[in-house]
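To start, the structure under review is shown below, and the notes come after it.
The values are calculated or read from the model by the stated rules, or taken from the named source; none is laboratory data. Just so we're clear, the structure is a prediction, and the values are computed from it rather than from any experiment. Using ideal geometry, Cβ is built from the backbone for each residue, glycine included, and neighbour counts are taken over all protein chains shown. For accessibility, only protein heavy atoms count, side chains too; no ligands or nucleic acids. Shrake-Rupley method; radii C 1.70, N 1.55, O 1.52, S 1.80 Å.
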Amino acid sequence: MTPAGIEAAARRKYNAVSDNFYEDVFFYDLIYEAETLLAEEAEVIEKVYSTVSVVSQREYEWPTNAIAIRRLEYDGNKLKLITFRQDDAQTISNAATTQTGTPDFYSLWNRTIYLRPIPGTAALTIKIYSYDMPSLQSTPTGVLDTPVHYHKDIVNFCVAFLAAKNQDMKTAELYLALWDRAVIKAKKWQRKRVTADQFWMVQNVDTLPQTCLGVT
């Protein structure tokens, strides 16, 4: 659904189709707030970004809207997330080393990505899989970042605040309750979806891929 579609659906639910009491910008703000809450609580917005390696450059920018990084790849190979303490083990506590090579690990700090070893080859693809915040929509035909199967829940969120603005608190509470249940359901669905192509089982650490810092 577009912002205009969500606005129309919310107006129909609250019987306010031609009510001038609610401006378009009011709906844009509500949609953004609902998308933000879903992103923060259930990590429903997934993105993939790409950049390229620079010889002897260790630090790379965190994607602007990213909340968290799920996976990082260098030239098609998955990198392992490590702490700075583990990085010290790699460099024998010489974090300022300029030794280059093919990165196997990455660390995160202050929305910056640190690779180790430092890339020794230019123009290789660094792919970042992340959970993101939404973009604020300001046009009726904008495209929401949140997956479409959550749009009906955003409609209910909007109805709750249409009612609240109209001092109709009983209706507002009803739709906020529907919204709260939808957020809980979204959290469960996101966890289930991540493992949709595999059976639940306890993994044997002895058979998992290993690096010098342990299981990957």
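Identify all residues within region 147-159 that are touching an Asp or Glu at 6+ places or on another chain (Cβ under 9 Å), in a helix (DSSP H, G or I) and not β-branched (Val, Ile, Thr); write none if there are none. Within region 147-159, 150, 157, 158 qualify.
Yes/no matrix, rows are residues, columns are (1) closer than 14 Å to residue 60 by Cα; (2) not polar (S, T, N, Q):
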site: 110; (1), (2): yes, no
site: 134; (1), (2): no, yes
site: 137; (1), (2): no, no
site: 155; (1), (2): no, yes
site: 160; (1), (2): no, yes
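Answer yes or no as to whether residue 41 is touching a Lys or Arg at 6+ places or on another chain (Cβ under 7 Å), of a type in the set (D, E, K, R) and open to solvent by 50 Å² or more (accessible area, probe 1.4 Å). Taking the combined requirement at face value, the residue satisfies it.
Selection of region 116-129 for residues being free of Cβ contacts under 8 Å to residues at least 60 places away in the same chain and under 22 Å from residue 66 (Cα atoms) yields only 116. When the residues of region 111-136 are filtered to those that are open to solvent by 40 Å² or more (accessible area, probe 1.4 Å) and within 17 Å of the chain's Cα centre (by Cα), the one that is farthest from residue 84 (Cα to Cα) is 136. Among the residues of region 1-20, the one identified as within 12 Å of residue 152 (Cα to Cα) and open to solvent by 100 Å² or more (accessible area, probe 1.4 Å) is 13. You will find that of 144, 162, 108, the residue that is more than 30 Å from residue 53 (Cα to Cα) and either in a loop (DSSP other than H, G, I, E, B) or open to solvent by 10 Å² or more (accessible area, probe 1.4 Å) (or both) is 144 and no other. When residue 139 is tested against (1) modelled with pLDDT of 95 or more; (2) under 30 Å from residue 189 (Cβ atoms); (3) among the hydroxyl-bearing types (Ser, Thr, Tyr), just one condition goes unmet, and that condition is (1).
Residues in region 125-171 that are hydroxyl-bearing (Ser, Thr, Tyr) and farther than 30 Å from residue 106 by Cβ: 5 in all.
Exactly one residue among 74, 28 is under 30 Å from residue 119 (Cβ atoms), of a type in the set (Phe, Trp, Tyr) and either in contact (Cβ under 8 Å) with a residue 40 or more places away in the chain or in contact with a Gly (Cβ under 8 Å, 6 or more places away or on another chain) (or both), and that residue is 74.
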